[in-house]
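What follows is a set of notes on a single structure, which appears directly below.
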Amino acid sequence: MGPVGGAVLIVLGSVGALFLFLGPWQPDDHLGIAFGFAKVVAVGLVVAGTTLLSRRRGTDGADGEEA
């Protein structure tokens, strides 16, 4: 996925949560869906963060070998 995929997940989760809370319905009705959007944002943060951290350390894969 890489950092671009992580950023896409962060944006999609954030936009979905904003749409859910700013819509014409009550936010109490859809807290489970909002929790799902929060999980999408969290996965995006983990993916982007671990990819950027591995690039900063100079490794290409999870095995820890230098490229």
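Values in this text are rule-based calculations from the coordinates and carry no lab data. Bear in mind the structure is a predicted one, so any value in this text is a computation, not a measurement.
Could you tell me the relative contact order of the stretch 3-60? Use alpha-carbon pairs under 8 Å, at least six residues apart, and round to a whole percent.
Working: 49 pairs, mean separation 31.2, N = 58.
Relative contact order comes out at 54 percent.
Working note: Cα atoms of the stretch 3-60, range along each principal axis, descending, whole Å: 48, 15, 10. Residue separation of Ala7 and Leu53 scaled by 0.36 nm, minus their Cα-Cα distance, works out to 15.1 nm of gained length.
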